[in-house]
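Asker: This is the structure I want to talk about, given as structure tokens.
Every read-out reported here was derived from the displayed coordinates using simple, explicitly stated rules and does not represent laboratory data. These figures come from a predicted structure and were not determined experimentally. So basically every Cβ, Gly included, is an ideal-geometry build from the backbone, and we count neighbours across all protein chains shown.
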């Protein structure tokens, strides 16, 4: 008999973050396709632009984290912030264009601007956290890359 306890398998970070990235893309696309009258009242009563900014700040964070899993030993690591911003901006613009095909919805330049503001906020937060992690001995040992 083996006296060593069985270890639970951990989901690899790369799989986890890439899966979250795919789900985030699906969520963004699905949210854009909800017909105007299908939006729940609780959501419709909230500040629409704030929701757009929050959604895209989180979307940027998941995108940059997923790109970080590909970049352990490559130049992609240096470019993941700008790449994540580009992908997020493209997704924001495409969802606004997609809404022109959904009944009761329309493309709104103010929504696109709120998406961009959320992406910029996410980028600035990511940079701030990355710098603090790099400069803090306590945070340097944390697993994963921010």
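Asker: Sort 58-69, 17-28, 82-93 by the packing proxy (mean of other Cβ within 10 Å over each peptide's residues), most packed first.
Answerer: Listed from highest to lowest mean packing, they are 58-69, 82-93, 17-28.
Asker: Take the Cα atoms of region 47-134, build their convex hull, and give its volume per residue in Å³.
Answerer: It comes to 88 Å³ per residue, whole-number rounded.
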